[in-house]
Amino acid sequence: MLTWPGARLSGSCASPGFAGCCGTSPVGDTPKDVEAALTAGVRVIGVASGKSSVDELGDAGATRVLADLTDPAEVVRVVHAVTES
């Protein structure tokens, strides 16, 4: 998994268990990635760029799912929607 570039962690946000604050959201391409994020209590963006499908990532509980990362404007829109809501 990866976090969106530019996310700043400081103070309590840098502490374990606070991964969801400061506009950070993990991005994963497997149901296990989604499960890990949900276990940590954070919203997660699924990207069906590997073996897992959009439906599999959605069924795993991803907050939002992208089919791929080919449209930068869509990626930014989804990241903002997930991290700011």
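Every number in this text was worked out from the coordinates using simple rules, so none of it is lab data. Please read these numbers as outputs of a predicted model, since none were measured by experiment. Here the Cβ positions follow ideal geometry from the backbone for every residue, glycine too, while neighbour counts run over all protein chains shown.
Given H placed on each backbone N at 1.01 Å, which residues far from LEU66 in sequence or on other chains put an amide H within less than 5 Å of it?
GLY46, VAL47, ALA48
Farthest toward the dipole's positive end in region 18-83, which of ALA62, GLY41, VAL75, given Cβ charges of +1 (Lys, Arg) and -1 (Asp, Glu) about the Cα centre?
Most positive-ward Cα: GLY41.
Please work out whether region 18-83 counts as rounded, prolate or oblate from its C-alpha gyration tensor, where a ≥ b ≥ c are the square roots of the eigenvalues and a/c under 1.5 means rounded, while otherwise a/b larger than b/c means prolate and anything else oblate?
Here region 18-83 falls in the oblate category.
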